[in-house]
Structure formats: C-alpha cells, structure tokens
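One structure is given below, encoded as structure tokens.
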Amino acid sequence: MISRPFKIGILASGRGSNLQAIIDSVERGDLDAEVAVILSNKENAQALERGKKHNIECVFVDPKTYPDKESFDCEMIRRLREKQVDLICLAGYMRILGAEFIATFQGKILNIHPSLLPAFPGLSPQQQALDSGAKTSGCTVHFVELAVDAGPIVLQSSVPVRDSDGVDELSQRILEQEHIIYPRAIKLFLENRLTISGRRVLIKDD
Ligand code: GRF
C-alpha cells in the first residue's frame, strides 16, 4: 500500500474536458488521489489553463526544443518521476509515446479513446463510426501499450448512433460517457482492483 497520497500525472494536448472530470472527481473526494502534475506538448492547451485554476503544477514541454522524439520523451519521464506519480492518464494527448516511456511506466498508463475499441482506433473515431453505419459506438479506457489504441481494456460505455447524428452530436454523447468512465477506471486502479491477464483486465469484486 502507498502511505502518501496517490499521485496522478496527466498528459493532455487540448481542451482538457477529461482532465477536468478527473480534477473534479478528486476535489469531490470520489478519487482518493492528487493530480501531481499536468504536462502538455501544446503551449496553448486549454488543459493547462484548467489545471492552473486548481493550483496544479502545469508544464508546457516544447517538442521543438528537443532534437528528437526520444529526448522529448526522456524529459517527460524525468518530470513524472520527479513527481513520483503512481499513474499516468492520457487525456487527449496527441503524441505517440515511445518504447522507453511505455517501458518505464509499464502497466501504469491509462488512455481514453472515443470508440468501442478495437473498433475505430486512431484518428477521427466518431467520423469512422458514422461512416461505418454502426448503430452503437462509445468510449474505452485502456492500458497503454506500444501499439496505438490497442492495450488491455479496463472499462467501456456504449451510446447509440442516431440517424440524425453529425460528428458533433455523436462526439458530445460519447464525451458525457468518457467523463463518467475515466474517473471510475482510475478509482479501480488506485484501489488496486485491476489485474492485467493477457489481453484481459480482471476487475476485483466487480
Ligand atoms: C476525447 O474524446 C478523448 O477520448 C480523446 O481525445 C479527446 C480529448 O478531449 N482521446 P478532452 O481534451 O479531454 O476534452
């Protein structure tokens, strides 16, 4: 058991609504944890503004100041280690993590993706769902592995795809579920109730 507060590091590149859902869950006391640091590769990410409002350390790490992807990742690793984070949450982080980063934090990185994986990985999953004619889509919280959008699945939530939906309508319906299942998955992680067994995540006392 960890005797100090459970520490979460969040990586985000954009709007930060999932990050906000995590912060709100912490502040409500639903998550017995603290957000120790927010890192972004985008200087103007709204996620950084949101974090600052809650007095969380927010850092823009500028990819242009590093000679290559590996050295950028090294700096991210250094900052997360410095904060002794127990879990890293990707929340709209739009860079692919390198092998060293993933190996360093093996089994401690979660991501949220706005589709029912393994359907519609990669970019524009809501558009992919509409184009496919699927009647149902949703979101997935999964552990992060080297292959993008492919790690063991922790939680999923489904939503209907309506005939009248455009990308905005479907994205909004999915996003509401993201804000519910991401904090829920984090809670399961910090309560030590998740075990990765092959491709499956076993949830204790589910
Ligand atoms: C979300 O749809 C998330 O599933 C995906 O990127 C989007 C980020 O949105 N990975 P936000 O920045 O959390 O508002």
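The values are calculated or read from the model by the stated rules, or taken from the named source; none is laboratory data. Fair warning: this is a prediction, and the values are worked out from it, not measured in the lab. When we count neighbours, we look across all protein chains shown, and the Cβ atoms used for this are built from the backbone with ideal geometry, even at glycine. Heads up: the accessible areas ignore ligands, DNA and RNA and are worked out on the full protein's heavy atoms, side chains in. Shrake-Rupley method; radii C 1.70, N 1.55, O 1.52, S 1.80 Å.
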For the pair T65/A147, report the inter-label distance in nm, with labels modelled 7 Å from Cα in the Cβ direction. 3.7
Taking the Cα centroid of the stretch 135-206 and of the stretch 75-96, what is the distance between the two, rounded to the nearest whole Å? 20
What spacing in nm lies between the two simple spin-label points modelled at H54 and K187, each 7 Å away from Cα in the Cβ direction? 1.5
The stretch 143-206: GluC sites (Glu not before Pro) in DSSP coil with no more than 14 other Cβ atoms inside 10 Å: E191
Pull up the cross-link candidates among the aspartates and glutamates for K64, meaning alpha carbon to alpha carbon under 14 Å and not fewer than 8 places away within one chain. E43, D73, E75
Residues with amide H under 5 Å from that of I56, placed H, sequence gap 5 or more: none
What FRET efficiency do you get for D205 and D163 if R0 is 41 Å and r is their Cβ-Cβ distance, rounded to the nearest 0.05? 0.55
Order L202, L19, most accessible first, counting only protein heavy atoms with a 1.4 angstrom probe. L202, L19
Round to the nearest 10 and report in Å² the accessible area of Y93, as given by a 1.4 Å probe over the protein chains' heavy atoms. 20
Over the heavy atoms of K108, what accessible area does a 1.4 Å probe trace out, to the nearest 10 Å²? 90
Counting only protein heavy atoms and using a 1.4 Å probe, what share of the accessible area of the chain belongs to carbon plus sulfur, as a whole percent? 48
Per the charge dipole of the chain (beta-carbon charges, Lys/Arg positive, Asp/Glu negative, Cα centre), the residue among Q20, L87, Q126 reaching farthest to the positive end is L87
Accessible area of D131 in the full protein assembly, 1.4 Å probe (Å², nearest 10): 120
